[in-house]
Amino acid sequence: MISKTMQDAINDQINKETFSSYLYLSMAAWFEGQNLPGFGNWLRLQAEEEREHAMKLYDHLLERGGKVQLKAIAAPQTEWKNALEAVTEVLAHEQKVTKSIHDLYETAQTEKDYPAQVMLHWFISEQVEEEASAAAILENMQRIEARDTAILMLDHRLSKRSAE
Ligand code: MG
């Protein structure tokens, strides 16, 4: 049986992962509205991944006899100044999620919750990848700055992405 403290902390993380999914879906819609479907493809995939993250936590709670408590999801932003600003936000958001995963891990340590610690190892590695992938796209964008043709090339590259 999982402790109430750990259960509450995991339920909060489910909400954060679900919000991430919502945020990326909102960004995908914005990019597609800008006629950048490759960025839209990338962010739709990211949104799917975030939902899977929420479900991993959801399943963990159920497996441990915990109670899943879904909370209200905040409305994400719908407009960005430009593509660079949006991708900068993806990286900043992932860094925030990494911090909350680390906080959750610390709670699991304080609670001496070993199964949760093992489950969270996956999330800790996943965040390293998420940050690296967002940072790489951001770096490309910073390099090309406002050159629209180069942004279109990057858009084409991102349209080839598929779920990992
Ligand atoms: Mg996530």
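Ranked by Cβ crowding within 10 angstrom, fewest neighbours first, how are R51, R161 ordered?
Ordered by Cβ neighbours within 10 Å, fewest first: R161, R51.
Nearest 20 debye, what's the magnitude of the dipole of the range 4-159 about its Cα centre given +1 on Lys and Arg Cβ and -1 on Asp and Glu Cβ?
So the dipole magnitude of the range 4-159 works out to roughly 240 debye.
Read phi for every residue in the range 19-34 and hand back ³J(HN,Hα) as whole Hz from Karplus 6.51 cos²θ - 1.76 cosθ + 1.60, θ = phi - 60°, with x for Gly and Pro.
These are the phi-based 3J(HN,Hα) values: 4, 4, 4, 5, 4, 5, 5, 5, 5, 4, 4, 5, 4, 5, x, 8 Hz.
So how far apart, in nm, are the two label points at Q95 and K67 if each is 7 Å from Cα heading toward Cβ?
3.8 nm
Going by alpha carbons, how many degrees (0 to 90, nearest 10) lie between the helix axis of 83-110 and the longest principal axis of the chain?
The answer is roughly 10 degrees.
I need the chymotrypsin sites (Phe, Trp or Tyr not before Pro) found in the range 1-83, filtered to DSSP loop residues with at most 14 other beta carbons within 10 Å of theirs.
Answer by residue number: there is no such site.
With a cap of 15 neighbouring Cβ atoms within 10 Å, and only residues DSSP puts in a loop, list the trypsin sites (Lys or Arg not before Pro) found in the range 66-156.
Here the sparse-neighbourhood loop sites are K67, K71, K81, K112, R147.
Mind checking the full-extension length gain between E129 and Q77? Use 0.36 nm per residue of separation minus the Cα-Cα distance, one decimal, nm.
Here the segment from E129 to Q77 would lengthen by 16.3 nm.
In nanometres, what is the gap between the two model label sites at M1 and E48, each 7 Å from Cα along Cα-to-Cβ?
Output for this residue pair reads 4.0 nm.
What nm value, rounded to one decimal, do you get for the distance between M55 and E106 when each label is placed 7 Å out toward the C-beta?
3.1 nm
Using only Cα atoms and rounding to the nearest 10 degrees, what angle (0 to 90) does helix 114-144 make with the longest principal axis of the chain?
Long axis of 114-144 versus the principal axis of the chain: about 10 degrees.
Looking at the range 1-101, which GluC sites (Glu not before Pro) are DSSP coil and have at most 10 other C-beta atoms within 10 Å of their C-beta?
Sparse-neighbourhood loop GluC sites (Glu not before Pro): E79.
Pairing the Cα long axis of helix 148-159 with the longest principal axis of the chain, what angle in degrees results, from 0 to 90 and rounded to the nearest 10?
Long axis of 148-159 versus the principal axis of the chain: about 40 degrees.
Test of understanding: extend the Cα→C-beta vector of I144 to 7 Å, then name every residue of the range 20-61 with backbone N under 20 Å from that spot.
27-46
Each value in this text was obtained by applying a stated rule to the coordinates, not by laboratory testing. Just so we're clear, the structure is a prediction, and the values are computed from it rather than from any experiment. Quick reminder, even Gly has a Cβ in these numbers, built from the backbone with ideal geometry, and neighbours come from all protein chains shown.
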